[in-house]
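All remarks here apply to the structure that follows.
The values are calculated or read from the model by the stated rules, or taken from the named source; none is laboratory data. The model shown is predicted, which means the values in this text are computed figures rather than measured ones. All Cβ positions, glycine included, derive from the backbone under ideal geometry; neighbour counts span all protein chains shown.
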Amino acid sequence: MKNTAVILVLAATLGASSLARAEAPDPATLKSMYDSGRNMSGLIKHCVDKGYLKADSTENANKMVAFVANMPGEFDKADGDKNEGRGRKGEVLADGQYKSLEGNLPPDLSLKQWCEQADQGMREGLKQIGL
């Protein structure tokens, strides 16, 4: 898996979230966005735990989760804690399956670099939606 794929998931989550203000996505789309957002939050916390990011990254991850969780519409949030917990263990949710983040990085990208890029992508996404 390429790091850009995970960053694109985050961007898509935040981008789709901003679209959600204009038109309500269906419950399956909302669930997917929520699950991806919770997993990304866990991955960011994994990076903080490893010492690659500072604590404010966790605060931003929490902002992202709160935004997605509070989007209008009914959707299943039952897997949120599980998805975030798996992310915190370094497992990325991709296509409905968990994969080791570190084991699927491109050879020229370290976990630290991935963490920094994911954090930057999250910050930019939050800025775009005014958070």
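Of all the numbered requirements in (1) at pLDDT below 95; (2) loosely packed, with under 15 Cβ neighbours inside 10 Å; (3) not in a helix (DSSP H, G or I), LEU8 misses one, and that requirement is (3).
Here TYR98 clears all of (1) touching a residue at least 12 places away in the same chain (Cβ under 8 Å); (2) at positive phi except the condition numbered (2). Within region 58-88, the set of residues being of a type outside the set (D, E, K, R), more than 14 Å from LEU131 (Cβ to Cβ) and assigned to a helix (DSSP H, G or I) comprises THR58, GLY80, ASN83, GLY85, GLY87.
With respect to the conditions (1) modelled with pLDDT of 95 or more; (2) more than 21 Å from ILE129 (Cα to Cα); (3) surrounded by 14 or more Cβ atoms within 10 Å (Cβ to Cβ), ASN39 falls short on a single one, namely (2). A residue that is among the aromatic types (Phe, Trp, Tyr) and assigned to a helix (DSSP H, G or I) occurs nowhere in region 89-104.
Yes/no per residue for (1) at pLDDT below 95; (2) within 17 Å of LYS45 (Cα to Cα); (3) of a type in the set (Asp, Glu); (4) touching a strand residue (DSSP E or B) at 6+ places or on another chain (Cβ under 6 Å):
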{"site": "MET64", "(1), (2), (3), (4)": "yes, yes, no, no"}
{"site": "ASN70", "(1), (2), (3), (4)": "yes, no, no, no"}
{"site": "GLU74", "(1), (2), (3), (4)": "yes, no, yes, no"}
{"site": "ALA78", "(1), (2), (3), (4)": "no, no, no, no"}
{"site": "GLY87", "(1), (2), (3), (4)": "no, yes, no, no"}
{"site": "ALA94", "(1), (2), (3), (4)": "yes, no, no, no"}
{"site": "GLN97", "(1), (2), (3), (4)": "yes, no, no, no"}
{"site": "ASN104", "(1), (2), (3), (4)": "yes, no, no, no"}
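Taking the conditions (1) touching a Ser or Thr at 6+ places or on another chain (Cβ under 7 Å); (2) without any contact (Cβ under 8 Å) to a residue 60 or more places away in the chain; (3) crowded, with 20+ Cβ neighbours inside 10 Å in turn, ASN83 satisfies each one other than (1). Does any residue in region 27-42 that is within 9 Å of ALA61 (Cβ to Cβ) and touching a residue at least 40 places away in the same chain (Cβ under 8 Å) come within less than 9 Å, Cβ to Cβ, of a residue that is among the hydroxyl-bearing types (Ser, Thr, Tyr) and surrounded by 22 or more Cβ atoms within 10 Å (Cβ to Cβ) six or more places away or on a different chain, and which pairs are these? Once the first residue is within 9 Å of ALA61 (Cβ to Cβ) and touching a residue at least 40 places away in the same chain (Cβ under 8 Å) and sits in region 27-42, its partners that are among the hydroxyl-bearing types (Ser, Thr, Tyr) and surrounded by 22 or more Cβ atoms within 10 Å (Cβ to Cβ) give MET40/THR13.
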